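Heads up, the thing below is written out as structure tokens.
Values in this text are rule-based calculations from the coordinates and carry no lab data. Everything numeric here is computed off the predicted structure, so don't read it as measured data. Here the Cβ is made from the backbone with ideal geometry for all residues, glycine too, and neighbour counts use every protein chain on show.
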């Protein structure tokens, strides 16, 4: 049953259990709601079930553990909750399992080792807690294992070294402690390894596969040590000490240190006396806006380094960061600083920049953010030495739309970015897009649909109602997104010299669609892609341009919703990949 990648709504009907001979169900990338019906358990021959990227809620039916023919279970990117039924782990023939991006909780049982033939296991982005079972090493067929973004604790099991076929291991963003097992060096096929954002300590193994891993694999583990290229502290070597040195340390150093400490404290108190009250007020103001659940590490002024508007820095633990310094401490600049602190400390999404910390004193304010090695989208669209493929542009468009969907629909109170433009879209090492700069963003109160502001956004990207009347709404972000979408595929800025009073980017694209002269407006870097894959791809690009124009309707109420935009782009990506795949086979 292939019903994937449509716009199906409603629930999965109970009557599906009457299709006794059904072996495969594909319902992913729809808008299905409700629960997984227990009637599915009547399908004794069921081998594959794909329900990813829907809005299914509730728990996995306990009877799933009785479907012994199941080989692939993909339930990722839904709203599933509760714990995993214990008998589920007795599905000995499971080859692929993806439960990521849900809200599953509970411990990982030792029965997970029953997945003897599984090659792909993804349990990331859930709320699993407890230790990683040491017995997991018995599931020796696993090639891809991701437990990232959970609440796992304890140590990394030595038994993982028994997963001899392992190519990818992602344990990032948990609460794991202890050392990285040196035995993992024996994993000869391991190519992707990530234990970042944990509480690991000790020396990073350097042999075998570890010689190929970068600093990104180990970041934000302050107690790790190793070689300089990993941006961690060097490991200390042990030296034997004579009795005389020991005596010196024991009897001379402590009094000396006490004296130095006392003098230092007195000098600091004298120097800071006049600033104390002001700094306390500043700290109180900052603490009031930060979420109590936001784990932000304090960063000292000395760690940030020299002045600069936005620059790359390195913290004491070797973490590469981007530092946004607010040079001008005017009232507006201070408001912008607090606005970004308030918003970024309370939101979490893979396509939004993450605030690592902040530094605030009476005369210095800065935000410490994730470093994005590939810069911003502006550079990739308009610099001579950079070029994006059709698929890269489509992926970036989906990333930006996904970030907006989260801001507009995924929070209790919507957030309007207000300044969407290529300069505010950053690209990480995998070319994943991250939306940044929330300095003029607006947080809407409950039942609030629009607001007014005197703060101007960037010319060319502002919605008409924003520029003329200062009206801010989620529809304004949609307009800005439409401009960016057209800019990405035409290579033309909205302020390009070819535009004037009678012509703008919207008209430029609209008129070419009416004349069916797509090649006249398409970015020259993409023409080779279109020529190579025939007129079918031209139709695909036309659909992208039509989507952009739907975002640019003059009346805010007529513009597409962000959820429809995301769905349309994902469907377009599937179509493009299918077209390209067929064309490449022919070639």
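Within the stretch 1-55, the set of residues being more than 26 Å from the chain's Cα centre (by Cα), crowded, with 20+ Cβ neighbours inside 10 Å and in a loop (DSSP other than H, G, I, E, B) comprises 12, 36, 43, 46. With the condition kept exactly as written, say whether any residue in the stretch 350-372 is in contact (Cβ under 8 Å) with a residue 24 or more places away in the chain, under 18 Å from residue 487 (Cβ atoms) and over 17 Å from the mean Cα position of the chain (by Cα). No: the stretch 350-372 contains no residue that is in contact (Cβ under 8 Å) with a residue 24 or more places away in the chain, under 18 Å from residue 487 (Cβ atoms) and over 17 Å from the mean Cα position of the chain (by Cα). Of all residues in the stretch 119-131, those that are over 19 Å from residue 350 (Cβ atoms) and either surrounded by fewer than 17 Cβ atoms within 10 Å (Cβ to Cβ) or in contact with a strand residue (DSSP E or B) (Cβ under 6 Å, 6 or more places away or on another chain) (or both) total 5.
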